[in-house]
1. Hey, could you check segment 100-140 for residues that are β-branched (Val, Ile, Thr) and modelled with pLDDT under 85 and say which is nearest to residue 34 (Cα to Cα)?
2. In segment 117-126, what residues are in a loop (DSSP other than H, G, I, E, B) and either hydrophobic (A, V, I, L, M, F, W, C) or open to solvent by less than 60 Å² (accessible area, probe 1.4 Å) (or both)?
3. Filter segment 29-74 for residues that are acidic (Asp, Glu), touching a residue at least 12 places away in the same chain (Cβ under 8 Å) and farther than 19 Å from residue 89 by Cα and give the result.
4. Of everything in segment 11-25 that's open to solvent by 10 Å² or more (accessible area, probe 1.4 Å) and either part of a strand (DSSP E or B) or without any contact (Cβ under 8 Å) to a residue 12 or more places away in the chain (or both), which residue is nearest to residue 116 (Cα to Cα)?
5. Output the number of the condition that residue 59 fails; it satisfies all remaining conditions of (1) among the charged types (D, E, K, R); (2) closer than 15 Å to residue 125 by Cβ; (3) outside any strand (DSSP E or B).
6. Is it true that residue 8 is under 24 Å from residue 124 (Cβ atoms), free of Cβ contacts under 8 Å to residues at least 60 places away in the same chain and not hydroxyl-bearing (Ser, Thr, Tyr)?
7. Can you find even one residue in segment 87-103 that is in a loop (DSSP other than H, G, I, E, B) and more than 30 Å from residue 127 (Cβ to Cβ)?
8. Could you please find all residues in segment 31-54 being surrounded by 11 or more Cβ atoms within 10 Å (Cβ to Cβ) and over 15 Å from the mean Cα position of the chain (by Cα)?
Amino acid sequence: LIDEIAIDHTRMHWDNSPAPRHMELWALAEGGDELMSRVQEWENSGHAISQGQPAADIRRLFQGDKFIRVARFEYDIHSRDISQSFAVDESFRALYLPVRLVVLVINDNWGNSEYTCLYRFRVHGILSVRRDLRMFRTPR
């Protein structure tokens, strides 16, 4: 269950233009009918974060899987913190949807036309509890 995302960009050099700027986090929505029904209700409820589609090249990457946008944020190169955290959308967190796979989409950077530099990307949250805990039982 995702709570927040952390993005790090090194400040070891004088040029911050390759630092990522506007980003989105997309999560693979999978599960039984009940979970997918909750996702569909969430999308239909009009929450701003759930509206829209990723770019065409990203849709090709997803290849028909159901991905939903769970965060949209901007890395601030003017901040004193090289590691910056961003919460996922509250309405998504309220779904209590276990996520196994995420895709970070970097839409642009701070002005470098040749490349974008991302030092580290972390996803923070809590592990969902599996209903089938047989793998944790001790042998008899």
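1. Of all residues in segment 100-140, those β-branched (Val, Ile, Thr) come to 102-103, 105-106, 116, 123, 126, 129, 138.
Still in the list and also modelled with pLDDT under 85: 129, 138.
Values: 129: 17, 138: 32 Å.
So the residue we want is 129.
2. Here is the first cut: in segment 117-126, the ones in a loop (DSSP other than H, G, I, E, B) are 117-119, 126.
Within segment 117-126, 117, 118, 126 qualify.
3. So the first thing to find is which residues in segment 29-74 are acidic (Asp, Glu), and the list is 30, 33-34, 41, 43, 57, 65, 74.
Subsequent filtering for residues that are touching a residue at least 12 places away in the same chain (Cβ under 8 Å) retains 30, 43, 65, 74.
If the condition is that a residue be acidic (Asp, Glu), touching a residue at least 12 places away in the same chain (Cβ under 8 Å) and farther than 19 Å from residue 89 by Cα, then 65 is the only one that fits.
4. Let us first name the residues in segment 11-25 that are open to solvent by 10 Å² or more (accessible area, probe 1.4 Å), namely 11-17, 21-22, 24.
Subsequent filtering for residues that are either part of a strand (DSSP E or B) or without any contact (Cβ under 8 Å) to a residue 12 or more places away in the chain (or both) retains 12-14, 22, 24.
Numbers: 12: 15, 13: 14, 14: 15, 22: 11, 24: 15 Å.
Of everything passing the filter in segment 11-25, 22 is nearest to residue 116 (Cα to Cα).
5. Checking residue 59 against (1) among the charged types (D, E, K, R); (2) closer than 15 Å to residue 125 by Cβ; (3) outside any strand (DSSP E or B), the one that fails is (2).
6. Details: under 24 Å from residue 124 (Cβ atoms): yes; free of Cβ contacts under 8 Å to residues at least 60 places away in the same chain: no; not hydroxyl-bearing (Ser, Thr, Tyr): yes.
Answer is no for this residue.
7. Step one: filter segment 87-103 for residues in a loop (DSSP other than H, G, I, E, B), giving 88-89, 94-101.
Those still in the list that are more than 30 Å from residue 127 (Cβ to Cβ) too: none.
Within segment 87-103 (the criterion being in a loop (DSSP other than H, G, I, E, B) and more than 30 Å from residue 127 (Cβ to Cβ)), the answer is no, since none of the residues qualifies.
8. Taking segment 31-54 and keeping what is surrounded by 11 or more Cβ atoms within 10 Å (Cβ to Cβ), we get 31, 35-40, 42-43, 47, 49-50, 54.
Listed by number, the residues that qualify are 31, 35, 36, 37, 38, 39, 40, 42, 43, 47.
The values are calculated or read from the model by the stated rules, or taken from the named source; none is laboratory data. It should be emphasised that the depicted structure is a prediction, and the values quoted were computed from it without experimental measurement. All Cβ positions, glycine included, derive from the backbone under ideal geometry; neighbour counts span all protein chains shown. Protein only, heavy atoms only, side chains kept; ligands, DNA and RNA dropped before computing areas. Shrake-Rupley method; radii C 1.70, N 1.55, O 1.52, S 1.80 Å.
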